[in-house]
Amino acid sequence: MSQIKFYNRTPVPVEMHKVKIVQKISLLPARERLNKLREAGFNTFMLHNGDIFMDMLTDSGVNAMSDNMQSAMLRADDAYAGSETFYRMNDKLTEIFGMKYLLPTHQGRACEHIIAQHFVKPGSCVIMNYHFTTSKAHVTRLGGRVEELVKDEGLIVKSNLPFKGNIDLDKVKACIEKEGVENIAYMRLEAGTNLIGGQPISYENMKEATDLAKEYGIVTVLDASLLQDNLYFIKTREESMKDKSIREITRMIADLFDIVYFSARKFGFGRGGGIMVRDEAMFHAMEDYITMFEGFLTYGGMSVKEMEALIIGFEETMDMDIISQGPQFINHCVNELDKLGVPMVTPGGGLGAHIDARQVVDHIPAEQYPAGSLVAALYLCGGIRGMERGTLSEERNPDGTEHIASVEMVRLAFPRRVFTLSQTEFVIDRVKWLYDHRHLIGGLKFVHEPKTLRFFTGKLEPVSDWPEKLIEAYIADFGEDQ
Ligand code: F0G
């Protein structure tokens, strides 16, 4: 079903589920939040969950399970080898994707590790519409390089283009000619392109890109971690696909690729991951890595309970009612903030609402992490935890200089089936307050900087006493108890 219609009120998204179990959350007093942020090294990854009011860091592993998912856990078949649960999961994925072989993993980046390990050699090139942090790190760790060939318009923050994740076919051709086919390890298309704002790829573009790869004999890989949202957008934005069911669209997409992998922390509302492979020889070539790095071939690091839940979760992902909630809430949040003048990535994508930090805090130099600073400030203003997606999430250039990200964003993720519309309204209100007080926000600098994936565990400090000034302004408007 598409969005619920209203008779006499401005339409808002309506949840197609009801709440059966709840978890209490609390809003720490304002000054305490500043202490917690300081202890966390101004890095929202290092905060304790109990100190957060609205945890919008990610939709990874924090989506609400359904009653059916939870009850399925009871029938999990515990076995080190040959668990019936595994075969049920393999069958369900084969039914959905039409690919025979499943390599189970503990999460998405483990799939990336194994695929890269198998295909990437020093000097090889991986073609992508856009990178994801972990997918790039696994390629570069092995001496490979990533070529990001998203269409230029995908990087324009404010637009009304429906498929900003589309790859540029001319750039792909030029890249293959330049690199030579033998040096291309594979082409990876990322559904619901995470780092440019959860922006989808059209079915048409996936078809054209994979057709081109096939002409050259290049292996095609789909990162389906965010496929759920991408399916919703294909159904609602791609004219030729509007009468197809989600199941049909999924199958049409999967038929284009040699490999489909996913983080089940996103795809399937659970935890874990998997690589679906079409070709038997390719499957056998990769299976050793599962037993070496993940676990035995029939669990790959996942618990059987999670796997049973996922079998239902995959089925729920084929239900338009269920997969509509995320994009509709995100769209509401993006449109309301846009109306209030806050620079947002438009159109709203999947995964979360994305604020264009480069515009909001244009007084903060790129080397002082504008998005990192904004996300720290947002925690101070209402206990809202977002995620930096910009220069801080990049690795430094080999000469030690900063690699300035092409997009500098704060992501407010919407875990599926978790937040209500009134909580969303609270977030909109606080973001607007922060936007109106943006001149109070200052930059950050590293005091502990890990070499790899520094954004996860790095520690920073403010370049001035701006957090104290910001919190005092906040208290003047809202009081110190919130
Ligand atoms: N691919 C995409 C598109 C992702 O968004 C993620 C994770 C991964 C791969 C890796 O999967 O976390 O299970 O190892 N994204 C999370 C996020 C971390 O918050 O966006 P993982």
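Length, then width, then depth: along the principal axes, the Cα atoms of the stretch 168-255 run 39, 26, 20 Å. By the Kirkwood approach, averaging reciprocal distances over each pair of separate Cα atoms, the chain gets a hydrodynamic radius of 23.0 Å. Amide H contacts for residue 184 (H built 1.01 Å from N in the peptide plane; partners 5 or more residues away or on another chain; cut-off under 5 Å): 125.
The alpha-carbon atoms of the stretch 242-383, seen along their principal axes, cover 54, 41, 30 angstrom, with the largest extent given first. Using bins of 5 Å that start at zero, the share of Cα-Cα pairs per bin across the stretch 112-215 amounts to 2, 14, 25, 23, 20, 12, 4, 1, in whole %. Amide H contacts of residue 54 (H built 1.01 Å from N, in plane; Pro and chain starts excluded): 384, 385 sit under 5 Å, all sequence-distant by 5 or more or on other chains. Taken about its Cα centre, the stretch 67-321 carries a charge dipole of about 560 debye when Lys and Arg each add +1 at the Cβ and Asp and Glu each add -1 at the Cβ. Computed over the stretch 31-115, the P(r) curve from all C-alpha pair distances, binned at 10 Å from the origin, holds 13, 27, 29, 19, 11, 1 percent per bin. The phi-based Karplus calculation (6.51 cos²θ - 1.76 cosθ + 1.60; θ = phi - 60°) puts the 3J(HN,Hα) values of the stretch 356-366 at 7, 5, 4, 7, 5, 10, 5, 8, 8, x, 3 Hz, whole numbers, x for Gly and Pro.
Where Lys and Arg each count +1 and Asp and Glu each count -1, what net charge lies around residue 26 among other residues with Cβ under 14 Å from its Cβ? Working shown, then result.
On the way: positive: 24, 33, 36, 385; negative: 32, 51, 55, 481.
Here the count lands on 0.
For the stretch 67-321, the carbon plus sulfur part of the accessible surface works out to 50%, probe radius 1.4 Å.
Helix 280-289 and the long axis of the chain differ in direction by around 50°, with both axes built from C-alpha atoms.
Amide H contacts under 5 Å for residue 453: none, restricted to partners 5 or more places along the chain or on a different chain, H placed in the peptide plane at 1.01 Å from N. Charge dipole of the chain (Cα centre as origin; +1 on each Lys and Arg Cβ, -1 on each Asp and Glu Cβ, all else neutral): 600 debye, rounded to the nearest 20. Calculated accessible area for the chain comes out at 40 Å² per residue, all protein chains present (probe 1.4 Å; ligands, DNA, RNA ignored).
Of the whole protein surface, residue 4 contributes about 60 Å² of accessible area at a 1.4 Å probe radius. Between 0 and 90 degrees, the angle of helix 30-39 with respect to the longest Cα principal axis of the chain falls at about 50 degrees. In degrees from 0 to 90, rounded to the nearest 10, what is the angle of the helix 169-179 Cα long axis to the longest principal axis of the chain? Roughly 70 degrees, rounded to the nearest 10.
Sorted by accessible area with a 1.4 angstrom probe, largest first, how do 102, 297 fall? Don't skip to the answer; put the middle values down first.
Values: 102 5, 297 45 Å².
The ordering from most to least exposed comes out as 297, 102.
For the stretch 83-88, 3J(HN,Hα) computed residue by residue from phi via the Karplus equation (6.51, -1.76, 1.60; θ = phi - 60°) reads 4, 4, 4, 4, 5, 5 Hz, glycine and proline entered as x. Here the Kirkwood formula, the inverse mean of 1/r across different C-alpha pairs, assigns the stretch 67-321 a hydrodynamic radius of 18.3 Å.
Between the stretch 333-394 and the stretch 257-313, the C-alpha centres lie 33 angstrom from each other.
Phi-derived couplings, Karplus 6.51 cos²θ - 1.76 cosθ + 1.60 at θ = phi - 60°, listed residue by residue for the stretch 368-379: 9, 6, x, 6, x, 5, 5, 5, 5, 4, 5, 5 Hz, with x used for Gly and Pro.
Calculated mean residue ellipticity, 222 nm, the chain: -12000 deg cm²/dmol, from DSSP H runs (n ≥ 4) at -39500 (n - 2.57) each, averaged per residue and rounded to 500. Projecting the Cα positions of 409, 125, 185 onto the charge dipole of the chain (unit charges on Cβ atoms of Lys, Arg, Asp and Glu, taken about the Cα centre) puts 409 furthest along the positive direction.
Do you know the relative contact order of the chain, to the nearest whole percent, from alpha carbon pairs under 8 angstrom that are 6+ apart? Could you put the intermediate results ahead of the total?
Details: 1028 pairs, mean separation 109.9, N = 482.
It rounds to 23 percent for the chain.
In the assembled protein chains, residue 16 presents an accessible area of approximately 80 Å² (probe radius 1.4 Å).
Among 181, 431, what's the order by accessible area (1.4 angstrom probe), most exposed first? The partial results should precede the final answer.
Working: 181 55, 431 5 Å².
So, going from the largest accessible area down, we get 181, 431.
Computed over the stretch 344-482, the percent of Cα pairs more than 17 Å apart is 60. Ranked by solvent-accessible area (1.4 Å probe, protein heavy atoms only, all chains present), the residues 215, 32, 336, 179 order from largest to smallest as 215, 32, 336, 179.
The values are calculated or read from the model by the stated rules, or taken from the named source; none is laboratory data. Keep in mind the model is a prediction, meaning the values are calculated, not measured. Neighbour counts run over all protein chains shown; Cβ positions are idealised from the backbone, glycine included. The accessibility values were calculated without ligands, DNA or RNA, using every heavy atom of the protein model including side chains. Shrake-Rupley method; radii C 1.70, N 1.55, O 1.52, S 1.80 Å.
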